[in-house]
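Peer 1: Just passing along the structure, written as structure tokens.
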């Protein structure tokens, strides 16, 4: 391991961000970054289309608190300051819990894409500049996670670690768009690390703080970059310093992970897309339950017992009292019940409608979570051999029949990735909740041709 005092890791990472050029990016990484942008915008459009009370509140507050008209609120179309657009749009991109992610880093495109778009709009950046800044944000985010939390079980942490990673990655991405020098970007990263604290009680109690967290991260990251551009600098050794984030947040900080192979490969290619609008921990059980339904079409009223077997960390996501869409996002029993009744997953925003006739509620009462040591071992080694959150769903019918399905790598995992065509289908389904089909197709075409867009405001003009 490299000595913490031997290198300026924060500054080296900032220098990479500042000097990264579109022309340096391999075609396959360009294509993957475009999909990440498409996915994030689709999720935000879908969230806006639900017209959920939280969505309405966020959009209204962003408009009320903004005096300048710089950047577009996705779905709504009105322009607000780039700070408020970053906040509102990252919130929209997170509400449905549909954003992409990385096994070491959590969710990313809800935190990186909206603020990059907001700052790009403000500065009339080109499509290439926008895409490059998004990729830079991904690289910083994932490298931060690897350096601090590679061997850590996210469920074991007292606070979700992305509240620290998101603002720093956003400050780097925004700083690049603002044309900051390496030392300014490092200073912005230092400012962005003035951490917001967020507990994970929402996973149990269903609170809306979960929805708002990415918005706060994005706004703070953009603000940090803007302040650095005005000469207000944070610690340029914020990551490796003797009292920096590495020591503050991790017992096993590995600073060499921040710069190892930097520029020779891009970690965005290791990310997954989500086919199901739920916590990633639940995807194997959702898919297993869907397979039971596809093969056997069990009558929900004839089900005697449901057993969900998974690793211990995943089994803790076991809400039985569904109070909000957030409760639904983090509930194995709820998601499996929906899959067994309807044949698949649905947007958690519709939880009240699904609970209304009592069928889902009765299935929840029949569901038991069982942690399995062999699944625990697979989960611990998920970064080594690709095993993620395997699950087995067993359905026992009143007539004695038993239906069982096991899923080791659900759709979306690196071993079973969503194809570009499937990501496009997901975008079309979500974006169509807000946009007419003509505009949906224009967004797809514009992102496919970002390389030739002279002003990213062209893309934003199609987002409402």
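Peer 1: Which of the three applies to the range 280-407, rounded, prolate or oblate, going by the alpha-carbon gyration tensor with a ≥ b ≥ c and a/c under 1.5 meaning rounded? Please report the intermediate quantities before stating the final value.
Peer 2: Working: a/c = 1.91, a/b = 1.31, b/c = 1.45.
Oblate, because a/c is 1.5 or more while a/b does not exceed b/c.
Peer 1: Over the Cα atoms, compute the radius of gyration (one decimal) and Dmax (the largest Cα-Cα distance, rounded to a whole number) for the chain, in Å.
Peer 2: So, for the chain, Rg and Dmax equal 21.7, 73 Å respectively.
Peer 1: Which FRET efficiency, nearest 0.05, do residue 296 and residue 51 yield, Cβ-Cβ r, R0 51 Å?
Peer 2: Numbers: r = 36 Å, r/R0 = 0.71.
So, using R0 = 51 Å, E works out to roughly 0.90.
Peer 1: Could you tell me the calculated FRET efficiency between residue 321 and residue 429, based on Cβ-Cβ distance and R0 = 41 angstrom, to the nearest 0.05?
Peer 2: Values: r = 30 Å, r/R0 = 0.72.
Between residue 321 and residue 429 the formula returns 0.90.
Peer 1: Let me ask you something else. Among DSSP bridges having both ends in the chain, what percentage is antiparallel? Round to the nearest 5.
Peer 2: Among the beta bridges of the chain, antiparallel pairing accounts for roughly 75 percent.
Peer 1: For the residue pair residue 449 and residue 209, what label-to-label distance in nm results when each label sits 7 Å from Cα along the Cα-to-beta-carbon direction?
Peer 2: In this crude label model, residue 449 to residue 209 measures out at 4.7 nm.
Peer 1: Hey, what angle do you get for helix 162-177 against the long axis of the chain, alpha-carbon based, 0 to 90 degrees rounded to 10?
Peer 2: The helix 162-177 is inclined about 40 degrees to the chain.
Peer 1: Which of 273, 98, 16 has the fewest other C-beta atoms within 10 Å, and how do the rest follow up to the most?
Peer 2: Details: 273 23, 98 28, 16 20.
Placing the least packed residue first, the sequence is 16, 273, 98.
Peer 1: To continue, here is another question. Can you give me the distance in nm between label points at residue 194 and residue 416, each placed 7 Å from the Cα along the Cα-to-Cβ direction?
Peer 2: The two pseudo-label positions are separated by 4.6 nm.
Peer 1: Below 8 Å between Cα atoms, with a sequence gap of 6+, how large is the relative contact order for the chain in percent?
Peer 2: Computed value for the chain: 21 percent relative contact order.
Peer 1: Counting other beta carbons within 10 Å of each residue's own, what order do 216, 296, 107, 124 fall into, fewest first?
Peer 2: 124, 296, 216, 107
Peer 1: Using Cβ contacts closer than 10 Å as the measure, can you line up 111, 317, 7 from fewest to most?
Peer 2: 7, 317, 111
Peer 1: Where both partners of a DSSP beta bridge lie in the range 280-407, what percent of those bridges are antiparallel, to the nearest 5?
Peer 2: For the range 280-407, the DSSP antiparallel bridge percentage is about 75.
Peer 1: For the pair residue 362/residue 437, report the inter-label distance in nm, with labels modelled 7 Å from Cα in the Cβ direction.
Peer 2: Result: 3.9 nm between the two label points.
Taken together, the values in this text are just the output of simple stated rules run on the coordinates, not laboratory data. These numbers come from a predicted model, not from an experiment. Glycine also receives a Cβ, built like all others from the backbone with ideal geometry; neighbour counts cover every protein chain displayed.
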